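The values are calculated or read from the model by the stated rules, or taken from the named source; none is laboratory data. Just so it is clear, the structure is predicted and the values come from calculations on it, not from any experiment. We place every Cβ from the backbone using ideal geometry, glycine too, and count neighbours over all the protein chains shown.
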Amino acid sequence: MKLLVTGGAGFIGSAVVRVAIGRGHDVINLDALTYAACLENLRSVKDAPGYTFAHADIRNRAALDPIFAEHRPEAVLHLAAESHVDRSIDAPADFIDTNMTGTFNLLEAARSYWIKSGKPDSFRFLHVSTDEVFGSLSADPGQKFTESTAYDPRSPYAASKAASDHLVRAWHATYGLPIVLTNCSNNYGPYHFPEKLIPVVILSALAGKDIPVYGTGENIRDWLFVEDHADALLQVLQRGKIGSSYNIGGNNELRNIDLIRMICGILDKKRPCPRGTYADQITHVADRPGHDARYAIDATRMREALCWEPSVSLQEGLERTVQWYLDNEEWWRPLLNRKGVGARLGVSR
């Protein structure tokens, strides 16, 4: 299958590209190469015969039609997005432009191409979204996000993704565009951009810096290994029901403070701290404005309809992730110099 992957130089997008190429698919990677993109994520596949890179921005509608016309994809996996909540608090306009207007542009380009191609039944538009569109859960372990949970976004990032979800559903209902939609829990793993929680913890610990914990650290997240997510997306693309959405979770709920302590413990074993233990560097800082208390995914539909479940436990995934950062300093070191990386963002209202 020939796939057009938007945001394929990003964290999740590059994992999708690597897995898809490994399974024999042809991939056109459409990416604007903004601050969080890194083509080094794709070094292992860049010379593969089925891989093509198209440098374009989904905010530029005119740039999209020629890419569809030239490469004639059989499916679109839309992952291009601004994704860092803290940045969305400081600069929400970027999130509106990319996540909303960019998604609109891509939907229109895909719809035009689909019509010109004779509306093939096999065409798919997979929109990749987040569990943050659902808002915040209580501590009740029986309460989880399902595909029918009402939307209640609490940050500019979440609101922009919620809006893009609604656009995708509307293009299916109004124009018949064959879409599927996913909402995932927090991803982690190799190539995670170093402004996100897990790489921040690893790199701060190794540098002997304070390891920041927002507020009390009681906020709970469900963690999904990125390669499990890539596998799930390909399953949804190939076997998901048109017009349906699927929640993809890792079945790994944990408080942020406990996650951070786990990472510190793994680092203590792999590269002992010269100053005691890495947990000694944990420092509580001012909380993020509007910080959601808990996310938890009910992935029953994925399990029952598509026979998919995550294969990587949190302990195994964190071990693999920490080791990858220890082994790949040449990847993450240059990224620390990019704008905003390493600085505390999202504290202004």
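Restrict the check to segment 106-117 and report whether at least one residue is under 30 Å from residue 286 (Cα atoms) and touching a residue at least 40 places away in the same chain (Cβ under 8 Å).
no
Residues that are surrounded by 15 or more Cβ atoms within 10 Å (Cβ to Cβ) and closer than 22 Å to residue 107 by Cβ: does segment 36-43 have at least one?
For segment 36-43, residues surrounded by 15 or more Cβ atoms within 10 Å (Cβ to Cβ) and closer than 22 Å to residue 107 by Cβ: present.
State yes or no: is residue 324 more than 20 Å from residue 130 (Cα to Cα), modelled with pLDDT of 95 or more and among the aromatic types (Phe, Trp, Tyr)?
yes
Pairs needed: first member in segment 287-304, under 26 Å from residue 180 (Cα atoms); second member anywhere, part of a helix (DSSP H, G or I) and aliphatic (A, V, I, L, M); C-beta distance under 9 Å; at least 6 residues apart or different chains.
Going by the 9 Å Cβ cut-off, the qualifying pairs are 299/232; 302/232; 302/236.
Return the residues of segment 298-314 that are loosely packed, with under 15 Cβ neighbours inside 10 Å and over 17 Å from residue 253 (Cβ atoms); say none if nothing qualifies.
304, 307, 311
Can you tell me which of (1) touching a strand residue (DSSP E or B) at 6+ places or on another chain (Cβ under 6 Å); (2) part of a helix (DSSP H, G or I) is the one residue 330 doesn't meet?
(1)
Give the residues of segment 23-64 that are hydroxyl-bearing (Ser, Thr, Tyr) and part of a strand (DSSP E or B), sorted by residue number.
Within segment 23-64, 51, 52 meet the criteria.
Answer yes or no: is there a residue in segment 86-94 that is at pLDDT 95 or above and β-branched (Val, Ile, Thr).
No, segment 86-94 contains no residue that is at pLDDT 95 or above and β-branched (Val, Ile, Thr).
Determine whether residue 153 is surrounded by fewer than 22 Cβ atoms within 10 Å (Cβ to Cβ), touching a Leu at 6+ places or on another chain (Cβ under 6 Å) and farther than 28 Å from residue 239 by Cα.
Judged against the criteria, residue 153 is not a match.
Has segment 93-112 got at least one residue that is within 19 Å of the chain's Cα centre (by Cα) and part of a loop (DSSP other than H, G, I, E, B)?
no
So for segment 65-72 (the condition being over 20 Å from residue 154 (Cβ atoms), without any contact (Cβ under 8 Å) to a residue 24 or more places away in the chain and among the aliphatic types (A, V, I, L, M)), does at least one residue qualify?
No: segment 65-72 contains no residue that is over 20 Å from residue 154 (Cβ atoms), without any contact (Cβ under 8 Å) to a residue 24 or more places away in the chain and among the aliphatic types (A, V, I, L, M).
Can you go through 48, 56, 20 and tell me which one is small (Gly, Ala, Ser), closer than 14 Å to residue 106 by Cα and out of contact with any Cys (no Cβ under 9 Å at 6 or more places or on another chain)?
56
Residues in segment 122-158 that are closer than 22 Å to residue 170 by Cβ and either part of a helix (DSSP H, G or I) or at pLDDT below 95 (or both): how many?
Residues that pass the stated criteria total 7.
Can you name the residue in segment 262-297 that is charged (D, E, K, R) and surrounded by 16 or more Cβ atoms within 10 Å (Cβ to Cβ) and, of all such residues, is nearest to residue 236 (Cα to Cα)?
Applying the filter and picking the extreme gives 294.
Identify all residues within segment 166-214 that are surrounded by 20 or more Cβ atoms within 10 Å (Cβ to Cβ) and acidic (Asp, Glu); write none if there are none.
The one that is surrounded by 20 or more Cβ atoms within 10 Å (Cβ to Cβ) and acidic (Asp, Glu): 195.
Okay, residues lined up against (1) within 28 Å of residue 127 (Cβ to Cβ); (2) modelled with pLDDT of 95 or more; (3) of a type in the set (Asp, Glu); (4) in contact with a helix residue (DSSP H, G or I) (Cβ under 6 Å, 6 or more places away or on another chain):
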{"residue": "242", "(1), (2), (3), (4)": "yes, yes, no, no"}
{"residue": "275", "(1), (2), (3), (4)": "no, no, no, no"}
{"residue": "298", "(1), (2), (3), (4)": "yes, yes, yes, no"}
{"residue": "305", "(1), (2), (3), (4)": "yes, yes, no, no"}
{"residue": "315", "(1), (2), (3), (4)": "no, yes, no, no"}
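Starting from residues that are of a type in the set (A, V, I, L, M) and outside any helix (DSSP H, G or I), keep the ones in segment 1-22 and report whichever is surrounded by the fewest Cβ atoms within 10 Å (Cβ to Cβ).
Here the residue is 1.
Of the residues 251, 256, which single one is surrounded by fewer than 20 Cβ atoms within 10 Å (Cβ to Cβ) and at pLDDT below 95?
251
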